[in-house]
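Colleague: Below are the structure tokens for one structure; questions will follow.
The values are calculated or read from the model by the stated rules, or taken from the named source; none is laboratory data. Computed from a prediction, not measured in an experiment: that's the story for all the values here. Note: ideal-geometry Cβ built from the backbone for every residue, glycine included; neighbour counts use all protein chains shown. Surface accessibility is based on the protein's heavy atoms, side chains included, excluding ligands, DNA and RNA. Shrake-Rupley method; radii C 1.70, N 1.55, O 1.52, S 1.80 Å.
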Amino acid sequence: MATQLIQSVTIRKLQWEARGRRQEAGFYPTAYDGGVTPQTGFVLEIRTDAGIVGEYTWTTGINGHAADHIRSVAPWLIGQNALERERIWNELRRVWRKYDQLGLGPLDCALWDAAGKTYGAPLWELLGGYRTRLPAYASTLFGDDAGIGPLGTPAKYAEFAKHCVSLGYRAIKIHGWNDGDIRREIDLVFAVREAVGPDVALMLDPSGAYRTFGDILSVGRALDEAHFYWYEDPGMEGGTSAFAYRKLREMLATPFLQGEHIRGLQAHMDNVLDGGTDFMRADAGLDGGVTGVLKIAHAAESLGIDVELHATSPVHRHLMSSLRNSNLYEMGLVAPSLDAITPPFFAEYADRLDEIDADGTVGVPDGPGLGTPLDQEWIAAHEVDVFVAD
């Protein structure tokens, strides 16, 4: 089937409440029990003249920005061959060259879903397939600033880390607090290491909370002492200064993982070639979809380094399943009060803290395309707006 023309593009906007956490002051959700957080998400549907519907859902920081971008090119997409993903990807990269290109990720993922459904194969199979079980790590929510919640103190983090190990996790990533209290961050590093012992891989992701080069260095020295696996995006500039991190890499032993806030193939490669990171980061929603992540991952492979995928996603399970140079699937964000991670878009699929097996791995969907049929009844009940181009 050489041609499959796009007939319509639909974007559904949804709103609901996530229970088990409460949004406190500031930008980041915390892990308090008993609260709710208002959530907004989107469902993209690309329908072809063969009756195939490629689907993709998202909720993270790209939210409405990506939807706005897709609406702007939807009339052009009508009549395009849905199987020509590489051409569409490059055309839109050029069209959006003055913008952040966030619409590219959802569009590309939906087109890959359509391709899998066209050929009756799961995405991982189309991508080549390397493994069907993925080593995973528990990635925590941020600390409770009031100090009273389930992640309120270093000791409570340590208790939760031990629980994750008891479930089967062999790697844990900590998101600490966002107030720049470096002494508490260092206490957290040592508390969790002491709790889980020397054989569990530990990572720290301050999410850009550290204000100075000196703060990054101070915590990094603690990570060296505690033998952490990686140090992720600690600085407020978002890991974009290759010069700063090249200097830090000369002073610290713990490898850096950067790139969550760097968009696209060329920027990722410039950063790593300038010495800004050890591991590369990629995200299908943020870095141009499946096509964009494959380009980044294969470029990293050519340099002999690894790429780690950001956040939970059926797309990321398929991608990691097809990559040799990727170590750990991010099961996050989790907390004692929040173990069901995935928004309820799906009829069967869910990322859950307790789905880890005794080997510390999770599986990969096996149906056509993304292999994650949507819960259409739930979507209809939470739809607040719809855009259709046909």
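Colleague: Taking 0.36 nm per residue of sequence separation and subtracting the Cα-Cα distance, how much length would be gained by fully extending the chain between Ser8 and Ala380, in nm to one decimal?
Modeller: Gain on stretching Ser8 to Ala380: 132.1 nm.
Colleague: To the nearest 20 debye, what is the magnitude of the charge dipole of the range 113-167 about its Cα centre, counting +1 on the Cβ of each Lys and Arg and -1 on the Cβ of each Asp and Glu?
Modeller: 240 debye
Colleague: Follow-up. Is the range 233-304 rounded, prolate or oblate when judged by the Cα gyration tensor, a ≥ b ≥ c being the square roots of its eigenvalues, rounded requiring a/c under 1.5 and prolate requiring a/b larger than b/c?
Modeller: Note, shape of the range 233-304 comes out prolate.
Colleague: Please report the accessible area of Lys13 (heavy atoms, 1.4 Å probe, ligands and nucleic acids excluded) in Å², nearest 10.
Modeller: Estimated to the nearest 10 Å², Lys13 gives 70 Å².
Colleague: At a Förster distance of 41 Å, what's the computed FRET efficiency of Leu273 paired with Lys98, Cβ-Cβ distance as r, to 0.05?
Modeller: According to the calculation, E is roughly 0.95.
Colleague: Moving to a separate point now. Given charges of +1 on the Cβ of Lys and Arg and -1 on the Cβ of Asp and Glu, with all other atoms neutral, how large is the dipole of the chain about its Cα centre, in debye to the nearest 20?
Modeller: That gives the chain a dipole magnitude of about 620 debye.
Colleague: Percent antiparallel among DSSP beta bridges with both residues in the chain, to the nearest 5?
Modeller: Counting DSSP beta bridges with both partners in the chain, the antiparallel share is about 60 percent.
Colleague: With all protein chains present, how much of the accessible area of the chain (probe radius 1.4 Å) comes from carbon and sulfur, to the nearest whole percent?
Modeller: 50 percent
Colleague: Sequence-distant or interchain residues sharing an amide H contact under 5 Å with Phe346, placed H: which?
Modeller: For Phe346, whose amide H was placed from the backbone, the distant partners under 5 Å are Asp375.
Colleague: Something else about it: Over the chain, what is the relative contact order in percent, taking alpha-carbon pairs closer than 8 angstrom and at least six residues apart?
Modeller: Relative contact order for the chain comes out at 21 percent.
Colleague: Right, next: Could you do me a favour and compute the accessible area per residue for the chain, 1.4 Å probe, result in Å²?
Modeller: Per-residue accessible area for the chain comes out at 40 Å².
Colleague: For Thr132, what accessible surface area do you get with a 1.4 Å probe? Give it in Å², rounded to 10.
Modeller: Surface open to solvent at Thr132 totals about 80 Å².
Colleague: Roll a 1.4 Å probe over the protein heavy atoms and report the accessible area of Ile305 in Å², nearest 10.
Modeller: It works out to around 40 Å².
Colleague: Pairs on different chains or at least eight residues apart, Cα atoms closer than 29 Å: how many lysine pairs in the chain fit?
Modeller: Count of close lysine pairs: 9.
Colleague: If you average the alpha carbon positions of the range 115-144 and of the range 235-266, how far apart do those two centres end up, in angstrom?
Modeller: Computed from Cα coordinates, the inter-centre distance equals 26 Å.
Colleague: Follow-up. To the nearest 500 deg cm²/dmol, what mean residue ellipticity at 222 nm is calculated for the chain from DSSP H runs of n ≥ 4 alone, each contributing -39,500 (n - 2.57), summed and divided by the residues?
Modeller: -11000 deg cm²/dmol
Colleague: Determine the gain in length on full extension of the stretch Lys247-His261; use 0.36 nm per residue of separation and subtract their C-alpha separation, reporting nm with one decimal.
Modeller: Here the segment from Lys247 to His261 would lengthen by 3.1 nm.
Colleague: From the list [x] 79, 46, 43; [y] 59, 46, 38; [z] 94, 50, 41, can you say which value of Cα extents along the principal axes in Å was derived from the structure given?
Modeller: The value matching this structure is [y].
Colleague: What GluC sites (Glu not before Pro) does the range 207-286 have in DSSP loop regions with at most 12 other beta carbons within 10 Å?
Modeller: Glu237
Colleague: What distance in nm separates the two pseudo spin-label positions at Thr212 and Asp199, each 7 Å out from Cα along the beta-carbon direction?
Modeller: 4.1 nm
Colleague: Give me the net charge of Phe387's neighbourhood, meaning all other residues with Cβ under 9 Å from the Cβ of Phe387; Lys, Arg count +1, Asp, Glu -1.
Modeller: +2
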